[in-house]
Amino acid sequence: MPVQIEHEGVTKTFYTQEEVDAEVKGLKVTNENLKSEKAELKAKADDAAEQVRNAQEEAAKAAGDKEALERIHAEREAEAKARMNELTGSIKTEKINNAINDLVTELGAGGAKNEDLRDLVKSRFSIDYDLDSHKLKVSGNGASSLDELKKTIKESGRYDAFLAGTGSKGGHSNGATSTGAATKKFNEYTSAELVKLHRENPEEYERLRSTASHLQGN
């Protein structure tokens, strides 16, 4: 069930990762169904258009209309080229997305951090797929291959907050260490931290909230 948290006078609703995942899964299923229906309608429309063109072609042949026949031939060539471009574009997109997803799954800390890492990789690096060599091409931040990209992410220090086993480094680059929840005030917690505290230690959450309300009232 969603959890409602009052933070700085505003009540917000938060969902567990499981609830978010279930919602995303449902949306993906709906999206796939819509894509399937769209593809089916397009196929029917293309088939109907081709039947009309076949009839026009037969009529042009019977009439000896050379211009009409050339036009029909050009239309078919253009459509074939468009389908080929769509297919190659789809293949490249799938290869690139799969590579990024595999990289994030391998290196990421999981959950929302994987999503953040994926966004950073897409924004900071250019990744392409060569259909002739069947290899990924990477550019940006000195990386020119997938292996170099992985090395950059693991060793640069810029992504430590999102990596498995290194997330504890994030936010403490100045050498400071966390001294525990007792040293933080209610309004110093992030919304995500308040949700976690509410679930794991509701008594402490209520104590901090009551203290904060008392201080605001004075």
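Brief remarks on what is shown
- Set side by side, the residues Glu37, Glu50 differ, and just one is under 17 Å from Glu79 (Cβ atoms) and of a type outside the set (A, V, I, L, M), which is Glu50.
Conditions (1) closer than 26 Å to Ile91 by Cα; (2) surrounded by 13 or more Cβ atoms within 10 Å (Cβ to Cβ); (3) under 19 Å from the mean Cα position of the chain (by Cα); (4) not assigned by TED's automatic domain parsing to the domain that holds Glu18, marked per residue:
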position	(1), (2), (3), (4)
Asp116	yes, yes, yes, yes
Leu131	yes, no, no, yes
His134	yes, no, no, yes
Glu148	yes, yes, no, yes
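- Breaking point among (1) surrounded by 11 or more Cβ atoms within 10 Å (Cβ to Cβ); (2) under 31 Å from the mean Cα position of the chain (by Cα), for Ala68: (2)
- Some residue of region 120-142 being part of a helix (DSSP H, G or I), of a type in the set (Val, Ile, Thr) and at pLDDT 80 or above: yes
- One residue stands out in region 155-186 among those that are surrounded by fewer than 14 Cβ atoms within 10 Å (Cβ to Cβ) and assigned to a helix (DSSP H, G or I): the one that is modelled with the lowest pLDDT, namely Ser168.
- Hits in region 89-125 - residues which are hydroxyl-bearing (Ser, Thr, Tyr) and either touching a helix residue (DSSP H, G or I) at 6+ places or on another chain (Cβ under 7 Å) or under 20 Å from Phe162 (Cα atoms) (or both): Thr105, Ser123
The values are calculated or read from the model by the stated rules, or taken from the named source; none is laboratory data. On a predicted model such as this, the values are computed, not experimentally measured, just so you know. Using ideal geometry, Cβ is built from the backbone for each residue, glycine included, and neighbour counts are taken over all protein chains shown.
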